[in-house]
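Visitor: Supplied in structure tokens, the structure appears directly below.
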Amino acid sequence: MTRFTSDLLAADLADLTAIRRDIHRHPETAFEEERTSQIVADKLASWGIEVHRGLAKTGVVGTLKGKRPGQKTIGLRADMDALHLQEKNDFEHASVHANKMHACGHDGHTTMLLGAARQLAATPDFAGTIHFIFQPAEEGEGGARVMIEEGLFDKFPCDVVYGMHNMPGFPAGHFAIRPGPMMAASDTWETRFKGTGGHGALPHRGTDPTLVAAQFITAVQGIIGRNVPATQTAVLSVGHIAAGTFGSPNVIPSEVLVRGTARSYSPDVRTLLERRLGEVAQGIAQAGGCEVDYKFFRRYPPLVNSAEQTRIAVEAAALTVGREHVDAETPPITGAEDFAFMLEKKPGAYIMIGNGGDEEPRGCHHVHTPLYDFNDRILTTGAAYWMNIVQLELGDAA
Ligand SMILES: [Zn+2]
Ligand SMILES: [Zn+2]
């Protein structure tokens, strides 16, 4: 077995750095990654990789068959989109677009996968098929979900899928992953309590949705304390309340809107939150003689790594940087990630690669901040990790 490492790919680093910085200079946000996807498609095609475009508008899928026969198919995924943020860096590759910035490192993710694609196309010494999936709109718009809805896995069947994200504050090129739930589901809920309202001096003549809403807000935390198993975790927070008007404190409003967020780490707990919020709202509304309209908006599902692919990811990371630099039991992360949509459909694993800690000039700047930059030193490390994944998934035994 070959140990693909950043040293082995050292000759590619200058090239990959140039690609990464070019993408960084020209950030494009959700579903508008025209220039970026053109670069990706051109590069893939120039290396002899079959290119498909147009899924979720700007999505690109490159397909590469190994030179040895094999039925197994794997999807390797990178995201391409930038954020709506004004960059405050003054280096040469800083964003040339106002209020757009690669502040999450997706420029680096795209480049790492390109780096692997080039190497694998040059030496397709594997058995099976790789689909290189370059997706748009990871940041809040669910580009992965749209690609799936538009037939990603029908057109490009994948037995397993893998994803990767950089992590600032974690040593450059180290890896972190955990089996099972790794990132939270992020959902929004909304309750609209409706009563008659009425004169503030004559509450007995009507029904009061403000009292109902107050009881509901208190009861919501009982769902966490009494319905979610103590060994699991979830968060329910109220973030928006609206009722009445400022000029009419003597009027009992007829409607109170209460909205909030729900975070959970398993499909079961997520479903539990959705159901119990509705039941609690309904019960309290009924007790207060009111009605309630309840909605739960499923946004991003929890990101759940499958055990077997996590094991393979750990092995691939260990081949890349040594087992001592791989944290295989990292704590769950409260953020959400739309690769979770792919992991709902296919077994797979999502790993974090360290972007560097405080010792790095940029490593200490966290994602989604105006001074962030992807660490070019890890480009070849990430590309090597992808190659090790391919070797483990599509090696001789495949
Ligand atoms: Zn982000
Ligand atoms: Zn990101």
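Visitor: Kindly report the accessible area of the chain per residue (heavy atoms of protein chains, probe 1.4 Å, no ligands, DNA or RNA), in Å².
Guide: Accessible area per residue, the chain: 42 Å².
Visitor: Something else about it: Segment 277-323: which chymotrypsin sites (Phe, Trp or Tyr not before Pro) are DSSP loop and have at most 14 other beta-carbon atoms within 10 angstrom?
Guide: none
Visitor: Now a separate question. Ranking request for peptides 343-351, 211-219: highest mean number of other beta-carbon atoms within 10 Å first, then the rest in descending order.
Guide: In descending order of packing, they fall as 343-351, 211-219.
Visitor: In square nanometres, what is the average projected area of the Cα convex hull of the chain?
Guide: Value for the chain: 21.9 nm².
Visitor: Kindly flag which residue pairs out of LYS57/LYS345; LYS194/LYS345; LYS100/LYS346 have an alpha-carbon separation exceeding 27 Å in this structure.
Guide: Cα-Cα > 27 Å for LYS194/LYS345; LYS100/LYS346; rest within.
Visitor: Also: Could you give the length gained by full extension between THR261 and THR334, i.e. 0.36 nm per residue of separation minus their alpha carbon distance, to one decimal place?
Guide: Once the chain is fully extended between THR261 and THR334, it gains 25.0 nm.
Visitor: For HIS366, HIS174, HIS84, HIS24, give me the order by solvent-accessible area with a 1.4 Å probe, most accessible first, ignoring ligands, DNA and RNA.
Guide: Of HIS366, HIS174, HIS84, HIS24, the descending order of accessible area is HIS84, HIS366, HIS174, HIS24.
Visitor: Ignoring ligands, DNA and RNA, what percent of the 1.4 Å accessible area of the chain is carbon and sulfur?
Guide: Solvent-exposed carbon and sulfur of the chain make up 52 percent of the total.
Visitor: Also, quick follow-up: Under 18 Å from the 7 Å Cα→Cβ point of LYS67, by amide nitrogen: which residues of segment 118-144?
Guide: It comes to 118-130, nothing else.
Visitor: Let me ask you something else. Working with all protein chains in place, sort ASP358, ASP12 by solvent-accessible area computed with a 1.4 Å probe, largest first.
Guide: ASP358, ASP12
The values are calculated or read from the model by the stated rules, or taken from the named source; none is laboratory data. Just so it is clear, the structure is predicted and the values come from calculations on it, not from any experiment. In this analysis, Cβ positions are derived from the backbone assuming ideal geometry, glycine residues included, and neighbour counts consider all displayed protein chains. Keep in mind that these areas ignore ligands, DNA and RNA; they rest on the heavy atoms of the full protein, side chains included. Shrake-Rupley method; radii C 1.70, N 1.55, O 1.52, S 1.80 Å.
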